[in-house]
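Trainee: Pasting a structure here, questions to come.
The values are calculated or read from the model by the stated rules, or taken from the named source; none is laboratory data. On a predicted model such as this, the values are computed, not experimentally measured, just so you know. So basically every Cβ, Gly included, is an ideal-geometry build from the backbone, and we count neighbours across all protein chains shown.
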Amino acid sequence: MVMLNQTNLGYPHKLRRLYWPFLALAEDCRRIIGTVAGAFESEGKRYTIPRFVFLGPDKGAPPLRVGFFALVHGDEPAGALALQYLLTELSDHPELAVGYELVVYPLCNPTGYEDSTRHNRAGRDLNREFWSDSTHPEVRIMEEELCTQHFDGVVALHADDTSDGLYGYSQGRLLNEQLLWPALRASASVLPLNEQQVIDGFAGHEGVICDCYRGILAPPPHLQPRPFEIIFETPARVSLAQQAEATCCALRSLLADYRGFIAYAQNL
Ligand SMILES: [Zn+2]
């Protein structure tokens, strides 16, 4: 594996500022390993999609692997900050992630982030391109990760500038009640939920939407058993720190509840 900090030299300043706290965490904490999911070129410049793995304390069973994906839309940096908060907290309190391997992708759309645009530099919304033979390198790299990382769960972090509150979507073998609702309730201590009946064009109930767009970052369509999938949306117009804090609360809740759910299911 290529260490991230060996390939990162000469990076545009803005991207380096985003990476730097993650690299510092990986340097300080032996449980955090910084690597690269993939690299591509755009307009003669090389871009990498970084991957940080947090190895939680061993529980004597194969670890639960959960992938966290931020900045698929380049103008939604709160998710990356939330992952930075999460790793910072876990480096001090690794017991919060007993039995887990967390695979963290803070920057899925580096050109979009550099340009402060939702789309990548080629003008595409990457979150409509998955599993449709997309030629965009970011999508190909992330699809390869979704195929090979053996995730038990996939969590995508987004921010919505049309929403005044938090909301989420979940699909898969776990029900909304078991993961998403408790996570939303946990984060509602920081920011309000979106209580609208229609959220982002979909029917909503207590901050949970019942459908989502096609082509979003998600596990491969025919993968069995299917990992759980959660999308967590923060209101983009409030401060980044508040969005990140709310997301971090949700992710802590998710880790605790999913572990409990698996233990319960194994005892059935
Ligand atoms: Zn988004």
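Trainee: May I ask you to say which residue of Glu229, Glu233 is within 14 Å of the ligand (Cβ to nearest atom), assigned to a strand (DSSP E or B) and out of contact with any helix residue (DSSP H, G or I) (no Cβ under 8 Å at 6 or more places or on another chain)?
Mentor: Working: Glu229 fails: within 14 Å of the ligand (Cβ to nearest atom).
Of Glu229, Glu233, the one residue that is within 14 Å of the ligand (Cβ to nearest atom), assigned to a strand (DSSP E or B) and out of contact with any helix residue (DSSP H, G or I) (no Cβ under 8 Å at 6 or more places or on another chain) is Glu233.
Trainee: So, one more: So Thr111 clears everything in (1) among the hydroxyl-bearing types (Ser, Thr, Tyr); (2) more than 20 Å from Glu43 (Cβ to Cβ); (3) within 16 Å of the ligand (Cβ to nearest atom) except one condition, right? Which one?
Mentor: Answer for Thr111: the failing condition is (2).
Trainee: Please indicate, with yes or no, whether at least one residue in region 191-203 is surrounded by 24 or more Cβ atoms within 10 Å (Cβ to Cβ) and either away from the ligand (no atom under 16 Å from the Cβ) or within 27 Å of Asp92 (Cα to Cα) (or both).
Mentor: Checking region 191-203: not a single residue is surrounded by 24 or more Cβ atoms within 10 Å (Cβ to Cβ) and either away from the ligand (no atom under 16 Å from the Cβ) or within 27 Å of Asp92 (Cα to Cα) (or both).
Trainee: Out of all the residues in region 114-135, which are more than 16 Å from the ligand (Cβ to nearest atom) and in contact (Cβ under 8 Å) with a residue 12 or more places away in the chain?
Mentor: Result: Glu114, Arg121, Ala122, Trp131, Ser132.
Trainee: Next up: Would a scan of region 162-173 turn up a residue that is within 23 Å of Leu107 (Cβ to Cβ), touching a Cys at 6+ places or on another chain (Cβ under 6 Å) and within 16 Å of the ligand (Cβ to nearest atom)?
Mentor: yes
Trainee: Run Glu129 past the list (1) under 14 Å from the mean Cα position of the chain (by Cα); (2) within 22 Å of Ala159 (Cβ to Cβ) and report the number of the one that doesn't hold.
Mentor: For Glu129, the exception is condition (1).
Trainee: Further question: Taking region 30-46, which residues are of a type outside the set (D, E, K, R) and at pLDDT below 95? Can you show your working first?
Mentor: Initial filter on region 30-46 (of a type outside the set (D, E, K, R)): 32-40, 42, 44.
Of everything in region 30-46, those that are of a type outside the set (D, E, K, R) and at pLDDT below 95 turn out to be Ser42, Gly44.
Trainee: Output the residues belonging to region 37-84 that are in a helix (DSSP H, G or I), within 16 Å of the ligand (Cβ to nearest atom) and touching a Phe, Trp or Tyr at 6+ places or on another chain (Cβ under 7 Å). Step through it out loud before you land on a result.
Mentor: At the first step, the residues of region 37-84 found to be in a helix (DSSP H, G or I) are 78-84.
Narrowing the set further to residues that are within 16 Å of the ligand (Cβ to nearest atom) leaves 78-83.
The answer is Leu83, and nothing else.
Trainee: From the list Tyr100, Tyr105, Tyr113, pick out the single residue that is under 20 Å from Asp257 (Cα atoms) and among the hydroxyl-bearing types (Ser, Thr, Tyr). Outline the logic, then answer.
Mentor: On the way: Tyr105 fails: under 20 Å from Asp257 (Cα atoms); Tyr113 fails: under 20 Å from Asp257 (Cα atoms).
None of the other options fit; the residue is Tyr100.
Trainee: Going by the structure shown, is Glu27 among the acidic types (Asp, Glu), more than 16 Å from the ligand (Cβ to nearest atom), outside any strand (DSSP E or B) and modelled with pLDDT of 95 or more? If you could, list the steps in order and put the result at the bottom.
Mentor: Details: among the acidic types (Asp, Glu): yes; more than 16 Å from the ligand (Cβ to nearest atom): yes; outside any strand (DSSP E or B): yes; modelled with pLDDT of 95 or more: yes.
It is true that Glu27 is among the acidic types (Asp, Glu), more than 16 Å from the ligand (Cβ to nearest atom), outside any strand (DSSP E or B) and modelled with pLDDT of 95 or more.
Trainee: Considering every residue within region 132-142, establish whether at least one is of a type in the set (S, T, N, Q) and either at pLDDT below 95 or crowded, with 18+ Cβ neighbours inside 10 Å (or both). It would help to see each step written out before you state the result.
Mentor: At the first step, the residues of region 132-142 found to be of a type in the set (S, T, N, Q) are 132, 134-135.
Going one step further and asking which of them are either at pLDDT below 95 or crowded, with 18+ Cβ neighbours inside 10 Å (or both), we end up with none.
The answer is no, given that none of the residues of region 132-142 is of a type in the set (S, T, N, Q) and either at pLDDT below 95 or crowded, with 18+ Cβ neighbours inside 10 Å (or both).
Trainee: Another question, if that's okay. Condition first: within 16 Å of the ligand (Cβ to nearest atom) and not in a loop (DSSP other than H, G, I, E, B). Can you find one or more residues in region 178-186 that meet it?
Mentor: Step one: of region 178-186, the residues within 16 Å of the ligand (Cβ to nearest atom) are none.
No, there is no match, as no residue in region 178-186 is within 16 Å of the ligand (Cβ to nearest atom) and not in a loop (DSSP other than H, G, I, E, B).
Trainee: What about Pro235, is it over 25 Å from Arg65 (Cα atoms), surrounded by fewer than 23 Cβ atoms within 10 Å (Cβ to Cβ) and under 18 Å from the mean Cα position of the chain (by Cα)? I'd like the intermediate steps shown before the answer.
Mentor: Details: over 25 Å from Arg65 (Cα atoms): yes; surrounded by fewer than 23 Cβ atoms within 10 Å (Cβ to Cβ): yes; under 18 Å from the mean Cα position of the chain (by Cα): yes.
Against the criterion (over 25 Å from Arg65 (Cα atoms), surrounded by fewer than 23 Cβ atoms within 10 Å (Cβ to Cβ) and under 18 Å from the mean Cα position of the chain (by Cα)), Pro235 qualifies.
Trainee: Of (1) over 23 Å from Leu251 (Cβ atoms); (2) in contact with a Phe, Trp or Tyr (Cβ under 7 Å, 6 or more places away or on another chain); (3) within 16 Å of the ligand (Cβ to nearest atom), Ala156 satisfies all except one. Which?
Mentor: All conditions are met except number (1).
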